[in-house]
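This report refers to the structure that appears directly beneath it.
The values are calculated or read from the model by the stated rules, or taken from the named source; none is laboratory data. Treat the numbers as computed from the prediction; the structure is a model and nothing was measured. With ideal geometry, Cβ positions are generated from the backbone for all residues, glycine too; neighbour counts draw on all protein chains shown. Ligands, DNA and RNA are stripped out before the accessible areas are found, and what is left, the full protein with its side chains, is counted by its heavy atoms. Shrake-Rupley method; radii C 1.70, N 1.55, O 1.52, S 1.80 Å.
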Amino acid sequence: MERITVKKTASQGIAVAPVYCYSEPDLTPDVRTVPEEAVPAEQKKFADAGEAVKKELESLAAGSEIFAAHLEIVEDVTLQEKVNAKIAGEHKNAQAAVAETIDEIAMIFEAKNDTYLKERGEDIRDIGKRLMAALKGVKRPDLGNLSSGVIVAARDLYPSDTVKLNPEMVKGILTEEGGVTSHVSIIARSLNIPMLVGVKGILEKVENGETVCMDAAKGVIVVGPDEAVIAEYQAKKAAYQEERVRLEALRERPAVTKDGKRILLCANVGNTEEIRQALPMKIDGIGLFRSEFLYMESTHFPTEEEQVRVYKEAAELCPEELTIRTLDIGGDKELSYFPLEKEENPFLGWRAIRISLDRKEMFKEQIRAILRASAFGHVRILFPMIVSLEELREAKDVVEECKRELAQEGIAFDEKVETGMMMETPASVLLAEEFAKEADFFSIGTNDLTQYLLAVDRGNPRVADRYSYFHPAVVKAIRQIIEAGHREGIRVGMCGEMAGDPKAVEMLLEMGLDEFSMAAGSIDYVRTQIVNAVSLGNI
Ligand code: PEP
Ligand code: MG
């Protein structure tokens, strides 16, 4: 019996089942150079493989944005041109040309500092595997064909491996690689399949068919457990399932505290797929739509029309209200097509609203797109990283200017669209009173607020134990923000990670927080804390 602990929980839950070691067929390319006369034949092999992959993806894309995006990548002319150029110019065979091209494109993403972008490299490699399997004429294993319950152990999984996952058969997933924000992890969370990533060496530690117990929330795996441990995990699993059923039943109840204050429970998302995943949690809206992900997923600045399409879809999906935060790049978030100059202190540098105000034309495109989407739902605009009244006014002026333009052009929008600000800088706390007179709402960003108040880099593991939103300075700042907001009668929400921490709920309610916005997976847990608590805060 061996007990392994890991830190990366991609999806919570408990499982006890035999392990299924999942491995790919050999997709190593057969690398050859070909004579000039063979070029058309190799290009045809590539075109045929592309067609075969398109067909596979078309059937998958109907029900999934992830595969719709993959389909776009396969159809992308740059990919096709690059592969064809390697065949024609360098006389590589189709397999070698595809392998090299996929590697080059994936590496551009993998070199990014941003975890989200890094993981997009996985999508490119997934497409590479499909193309290579088609070129080699081999079949990849299909997790959709399992006939009994297993815990899947793999080096890594790709969205195409997991799309046909049946939670009846796949009881748990363990991968050596991968990150918690990868698409595979998102799918596992939406299917409620417990999953741990970063389980180094798991394929050497287990044998096909061997029993494994896992508690994903705790990051514990037991390989070859004895009877007593199996019984212990079976009991834990039953208790966990009972708890989930109890929590899910609570979804029908609005989040009202014992003393009758209605609290808004909202989700933080980065795209429309995540809105779909959050809807079953019975949310009161999207408290934070991180629009930068739309920019990061694109290969160019998304045009006004492209943005309208996404925001409109989001607004139509969203039951109550959709709070779209304007572009928040800089710091640790980059755009491949908009290189930022290297800065000594990027978190104190050119980021978020500073970039938007310095690039007015780009900012206006985004604001126009958000306003146009406001004709299709209840949309609110949220500005990130504001430190002065001048910035807030300048940003609001842009909104007014865009409204005038749209009105002149006869394009519909919501005249009364609200404009709020992230409260995530020390300056915003000290000026909360003044800001509350001019902003329609506040959203407290504890992730940045904590790093700026405590002078602790939120991404630096060396100082991670000094980073705490329970630090008295942060708690005091939150109280001041809520009080200042309420004195002016505006709603105060929170969209930093603290809002999804069940341990913080009671304190935040006591301070009078009106809205909690968090990752969808935390909503059930926070709701149960709210309905069992008393709120002493008033608006
Ligand atoms: C925050 O800073 O708390 C926040 C929600 O924004 P982000 O994590 O995107 O910086
Ligand atoms: Mg922030």
Counting only residues in the range 453-506 that are polar (S, T, N, Q) and under 26 Å from the mean Cα position of the chain (by Cα), the one modelled with the highest pLDDT is identified as S468
Checking D448, D414 in turn, the sole residue that is out of contact with any Phe, Trp or Tyr (no Cβ under 7 Å at 6 or more places or on another chain) and more than 23 Å from P472 (Cβ to Cβ) turns out to be D414
Condition check for M385: within 16 Å of ligand 2 (Cβ to nearest atom) and assigned to a loop (DSSP other than H, G, I, E, B)
yes
Pairs returned, first residue in the range 432-456 that is without any contact (Cβ under 8 Å) to a residue 12 or more places away in the chain, second residue that is open to solvent by less than 10 Å² (accessible area, probe 1.4 Å) and within 15 Å of ligand 2 (Cβ to nearest atom), beta-carbon separation under 8 angstrom, 6 or more apart or interchain, are V456/T450
Do we find a residue being open to solvent by 50 Å² or more (accessible area, probe 1.4 Å) and more than 24 Å from the chain's Cα centre (by Cα) anywhere in the range 523-532? yes
For this session: Taking V429 as the residue in question, decide whether it is β-branched (V, I, T), open to solvent by 10 Å² or more (accessible area, probe 1.4 Å) and in contact with a strand residue (DSSP E or B) (Cβ under 8 Å, 6 or more places away or on another chain).
Result: yes
Condition set aliphatic (A, V, I, L, M) and outside any helix (DSSP H, G or I), scope the range 388-417, selection nearest to ligand 2 (Cβ to nearest atom): answer is V417
Flag for T303 being crowded, with 17+ Cβ neighbours inside 10 Å, more than 16 Å from ligand 1 (Cβ to nearest atom) and among the β-branched types (V, I, T) = no
Picking from I275, I230, the residue that is assigned to a helix (DSSP H, G or I), free of Cβ contacts under 8 Å to residues at least 60 places away in the same chain and β-branched (V, I, T) would be I275
Checked the range 341-371 for anything open to solvent by 40 Å² or more (accessible area, probe 1.4 Å) and either more than 29 Å from N460 (Cα to Cα) or within 16 Å of ligand 2 (Cβ to nearest atom) (or both); matches are N345, P346, L348, W350, R354, R359, K360, E361, E365
The one condition R380 fails out of (1) within 16 Å of ligand 1 (Cβ to nearest atom); (2) among the basic types (K, R); (3) in contact with a helix residue (DSSP H, G or I) (Cβ under 6 Å, 6 or more places away or on another chain) is (3)
Residues of the range 276-300 being of a type in the set (A, V, I, L, M, F, W, C) and over 17 Å from R120 (Cβ atoms), in sequence order, are A278, L279, M281, I283, I286, L288, F289
The helices (runs of 4 or more DSSP H) lying entirely within the range 441-539 that contain at least 2 residues which are within 16 Å of ligand 2 (Cβ to nearest atom) and more than 30 Å from V245 (Cα to Cα) are 446-454, 472-487
In the range 311-340, residues that are within 16 Å of ligand 2 (Cβ to nearest atom), of a type in the set (S, T, N, Q) and either touching a helix residue (DSSP H, G or I) at 6+ places or on another chain (Cβ under 8 Å) or open to solvent by 10 Å² or more (accessible area, probe 1.4 Å) (or both) total 1
Of all helices (runs of 4 or more DSSP H) fully inside the range 1-105, the set with 1 or more residues that are under 31 Å from the mean Cα position of the chain (by Cα), within 30 Å of G219 (Cα to Cα) and touching a residue at least 24 places away in the same chain (Cβ under 8 Å) is 65-75
